[in-house]
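Trainee: One structure follows; several queries about it will come next.
The values are calculated or read from the model by the stated rules, or taken from the named source; none is laboratory data. Everything numeric here is computed off the predicted structure, so don't read it as measured data. Glycine also receives a Cβ, built like all others from the backbone with ideal geometry; neighbour counts cover every protein chain displayed. Ligands, DNA and RNA are stripped out before the accessible areas are found, and what is left, the full protein with its side chains, is counted by its heavy atoms. Shrake-Rupley method; radii C 1.70, N 1.55, O 1.52, S 1.80 Å.
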Amino acid sequence: MAITLSGDHAIPSPPLSARLTTPQVWGIVLLAPYLLVFLAFVVYPVGYGLWLARHPASYVALWHDPIFARAAVNTLIFLLVGINLKMAIALFLSGFFAQQRTWIKWLSVLFILPWAVPSIPTILSVRFMFNPEWGVVNQLIFKFTGEDGPNWLNDPTVALSMAIGVHIWKSLPFWTLILMTGRLAISHDLYEAAEVDGASWSQKFRYITWPSMQTLYITCTLLSMIWTLGDFNSVYLLTGGGPADLTHVLATLGIRYLRLDQLSLAMASIVCALPFVLPLVYFMMKRLSR
């Protein structure tokens, strides 16, 4: 119990429970489980991972590992090509699905299925389709041409391109829906006024749609980059990092080191992704705080 001095007399201060109102007590009680979960499943794993990656020798070993350099380049390609292509297609499709037609509404239900279905069966099904021996793609090639199809995942460039394509196909419906809500929030009166003035489709997009959606589009792009840095499924389930570990990204490289029983290198490779993540988080929070 705290003691406060008043002149020559010591007056005991009331206990903490007496200084808190009932709503404040209930707030602490209800907040405590979430704080415990956050500490147990966020703070502790992140702190333990940073502690494992504390040795400078781990980063020296990464620097001399050619697979790490290739993974870093693949990550940049994945971000620059995959994210920009995905968001551009999502922006276009958001205008298509925003139309009030019955058949478009039914088509949107089919369009959202790749995102709604879990990643493991969908990505593995794509991998089975491109199997060089009994995949349906090579079976169709043999049926119509009489020649054997290629080993699609045996070429690093083709394999990485397919991983980017799978990522776009899997996450495109989500970002299309987000951008579609932004389009629907634009007042229809603006388009009617532009129609009266004889504005073309490109002029409507340039002077009405894009200025109204620019902040949402950039925010979604930054958020998608942050999430894509941790996208493990698209590469690992489709290519497994192969052939010859040439399609690894930083999100999957840690698994390679874990399989080689190199825990410190695995954690260090994940920490190396922070220079990519932190600037994106900073710019996103800065835009949202405007």
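Trainee: Magnitude of the Cβ-charge dipole of the chain, K/R +1 and D/E -1, about the Cα centre, nearest 20 debye?
Mentor: Using only the charged Cβ atoms, the result is roughly 360 debye.
Trainee: Rounded to whole Hz and in sequence order, give me ³J(HN,Hα) for region 267-274 from the Karplus expression 6.51 cos²θ - 1.76 cosθ + 1.60, θ = phi - 60°, writing x for Gly and Pro.
Mentor: Those phi angles translate into 5, 5, 5, 6, 4, 5, 7, 4 Hz.
Trainee: Just the number: Rg to Rh for region 37-86, Cα atoms, Kirkwood Rh, two decimals.
Mentor: Rounded to two decimals, Rg over Rh is 1.16.
Trainee: ³J(HN,Hα) across region 181-198 via Karplus (A = 6.51, B = -1.76, C = 1.60, θ = phi - 60°), whole Hz, x for Gly/Pro?
Mentor: 5, x, 5, 5, 7, 6, 4, 5, 5, 5, 5, 5, 5, 5, 5, 5, 7, x
Trainee: Rounded, prolate or oblate: which one fits region 26-181, using the alpha carbon gyration tensor with axes a ≥ b ≥ c (rounded when a/c is under 1.5, else prolate when a/b beats b/c, else oblate)?
Mentor: It is oblate, given that a/c is not under 1.5 and a/b is not larger than b/c.
Trainee: Of Val126, Ile164, Phe174, which is farthest along the charge dipole of region 103-197 in the positive direction, counting Lys and Arg as +1 and Asp and Glu as -1 at C-beta?
Mentor: Val126
Trainee: Output wanted: per-residue J couplings in Hz (rounded whole) for region 66-77, from phi through Karplus 6.51 cos²θ - 1.76 cosθ + 1.60, θ = phi - 60°, x for Gly and Pro.
Mentor: Whole-Hz 3J(HN,Hα) from phi for region 66-77: x, 5, 5, 4, 5, 5, 5, 5, 4, 5, 4, 4.
Trainee: Taking the solvent-accessible surface of protein heavy atoms with a 1.4 Å probe, what is the per residue accessible area of the chain in Å²?
Mentor: On a per-residue basis, 62 Å².
Trainee: Mind checking the angle between helix 119-129 and the chain's longest principal axis? C-alpha axes, 0 to 90 degrees, to the nearest 10.
Mentor: It is inclined by approximately 20 degrees.
Trainee: Using only protein heavy atoms and a 1.4 Å probe, report how much of Lys143 is accessible, in Å² to the nearest 10.
Mentor: Spelled out: Lys143, probe radius 1.4 Å, area about 150 Å².
Trainee: With a 1.4 Å probe and all protein chains left in place, how much of the accessible area of the chain comes from carbon and sulfur atoms, in whole percent?
Mentor: Its accessible area is 70 percent carbon and sulfur atoms.
Trainee: Additional query: Give the relative contact order (percent, whole number) for the chain; include only Cα pairs under 8 Å separated by 6+ residues.
Mentor: In percent, rounded to a whole number, it is 26.
Trainee: Relative contact order for region 123-266: what percent, with Cα pairs under 8 Å and sequence separation of 6 or more?
Mentor: Rounded, it is 25 percent for region 123-266.
Trainee: Using mean Cβ contacts within 10 Å as the protection proxy, how do 89-102, 169-182, 36-49 order, highest first?
Mentor: My ranking of the peptides, most packed first, is 169-182, 89-102, 36-49.
Trainee: Is there a quick way to get the dipole size of region 170-290? I mean about its Cα centre, with the Cβ of Lys and Arg at +1 and of Asp and Glu at -1; what is the value in debye to the nearest 20?
Mentor: 260 debye
Trainee: Taking the Cα centre of each part, how many Å lie between region 138-202 and region 28-58?
Mentor: Value for the Cα centre distance between the two parts: 38 Å.
Trainee: Let me ask another. What is the dipole size for region 75-151, taken about its Cα centre, with +1 at each Lys and Arg Cβ and -1 at each Asp and Glu Cβ, in debye to the nearest 20?
Mentor: 420 debye
Trainee: Also, I was wondering about something else. Which whole-angstrom value gives the distance between the alpha carbon centres of region 117-134 and region 244-290?
Mentor: Centre-to-centre (Cα) distance: 26 Å.
Trainee: What does the charge count around Gly82 come to, taking other residues whose C-beta lies under 15 Å from its C-beta (Lys +1, Arg +1, Asp -1, Glu -1)?
Mentor: Here the charged neighbours net out to +1.
Trainee: No solvent, one uniform scatterer per C-alpha: report log10 I(q)/I(0) for region 160-285 via the Debye equation at q = 0.18 1/Å, two decimals.
Mentor: Each listed q corresponds, in turn, to -1.00.
Trainee: What are the semi-axes of the equivalent ellipsoid for the chain, taken as the square roots of 5 times the Cα gyration tensor eigenvalues, largest first, in whole Å?
Mentor: Here the semi-axes work out to 44, 35, 18 Å.
Trainee: For region 209-262, what ratio Rg/Rh do Cα atoms give with a Kirkwood hydrodynamic radius?
Mentor: 1.23
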